[in-house]
Amino acid sequence: MITASNLTKKYGEKTAVKNINLSVKKGELFAYLGPNGSGKSTTIKMLMGLLEPSDGSVEILGEPMHLNNTELKRKISFVPDTPDIIGKLTGNEYLNFVASIYKMDKETYKNKREELVNMFELGNDLGVLVEEYSHGMRQKLAVIGALMHSPEVIFLDEPNVGLDPKSNRELKNYLTDYVRQGNTVFLTTHTLSLAEEIADRICIIYQGEIKALGTLAELREQAGVGRTLEDIFLALTDGEDVHVQEHTES
Ligand code: ADP
Ligand code: MG
């Protein structure tokens, strides 16, 4: 579903993402973890075809991803880390706009929208201009917009930041169900308990490189008895002596 081969991004002299190799299967919920500045958002933007890799390539749904592959982009979706939704639109106008981009038919739009708006309890705020929304409300609107057309592959960059506990739980349940239906989710988060709870596989990156990749059980096995994901994460990302065997896919 998602394959990155030797994916690399350089910003001037700085290499933000170094030679990433990974593949995410259909129906998998993949958590991509790493401290601030480790290259998570840069990776996602390359996978999504929003940013040109300096080296390496990406395949999504078996097709090569390029900046101008609009047809392929229509099948996937993205929740950015900062939901920059045009402030002069109301929530309603934004969702109508998204539905038109994805050429959703009226009936599907009506139903999906109602389901998601109720889930996040955003119904009362849809007539309000987005510039008056709180961060959490923007986040909800971005998530609704991204899920509405039921993309086969969805990328979410720290989607739980700013969401209230109930919405977080709803989102968690929705994503768990969503992958069960055969869709694919690529998620970044700093909430390790969330990754522990819902991810099928976890990848930990540090300074643009993969430090560990596997199921939670596999990561624990490599790290030794009794270690939590937090122990493993901190060991791999603080530059200390690392006791977890590094692992990348070939
Ligand atoms: P993360 O999402 O894991 O916090 P990012 O992918 O945003 O990390 O950033 C990875 C590194 O690349 C950081 O050192 C960041 O400063 C740098 N970086 C990100 N975007 C740019 C950019 N547009 N120009 C220059 N450097 C950037
Ligand atoms: Mg980021």
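What follows is calculated from the coordinates using simple rules that are stated; it is not laboratory data. What you are looking at is a predicted structure, and each value in this text was computed from that prediction instead of being measured. Here the Cβ positions follow ideal geometry from the backbone for every residue, glycine too, while neighbour counts run over all protein chains shown.
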If you count, for each residue, the other Cβ atoms within 10 Å and average over each peptide, how do 101-109, 171-179 line up from highest to lowest? 171-179, 101-109
Express as a percent, rounded to the nearest 5, the fraction of DSSP beta bridges in the chain (both residues included) that run antiparallel. 55 percent
Using alpha-carbon positions, what is the distance between the centroids of the range 158-215 and the range 122-146, in Å? 22 Å
Of all beta bridges DSSP finds with both residues in the range 115-250, what is the antiparallel percent, to the nearest 5? 50 percent
Please compute the modelled spin-label separation between Asp84 and Lys25, points set 7 Å along Cα→Cβ, answer in nm with one decimal. 3.7 nm
Pairs from Lys75/Lys112; Lys103/Lys172; Lys112/Lys172; Lys45/Lys75; Lys10/Lys211; Lys88/Lys166 whose Cα-Cα separation, in the structure shown, is over 22 Å: Lys103/Lys172; Lys88/Lys166
For labels at Glu230 and Asn168 in the simple 7 Å Cα→Cβ model, what's the distance in nm? 1.3 nm
Please give the helix 91-101 orientation as an angle from the longest Cα principal axis of the chain, in degrees from 0 to 90, rounded to the nearest 10. 70 degrees
Going 7 Å from the Cα of Thr176 in the Cα-to-Cβ direction, what parts of the range 112-152 have a backbone nitrogen less than 18 Å from that spot? 119-120
Stretchable slack from Leu67 to Gln222, in nm (0.36 nm times residue separation minus alpha-carbon distance): 52.0 nm
Label Phe97 and Leu50 with points 7 Å out from Cα along Cα→Cβ: what is the distance between them in nm? 1.5 nm
Over the chain, the sum of -39500 (n - 2.57) across DSSP H runs of at least four, divided by residue number and rounded to 500 deg cm²/dmol, gives at 222 nm -10500 deg cm²/dmol
Against the longest alpha carbon principal axis of the chain, how many degrees, from 0 to 90 and to the nearest 10, is the axis of helix 165-180 turned? 80 degrees
Cβ-derived FRET efficiency at R0 45 Å, Glu13 paired with Ser150, nearest 0.05: 0.60
May I ask you to compute the full-extension gain from Asn36 to Glu115, defined as 0.36 nm times their residue separation minus their alpha-carbon distance, rounded to one decimal in nm? 25.1 nm
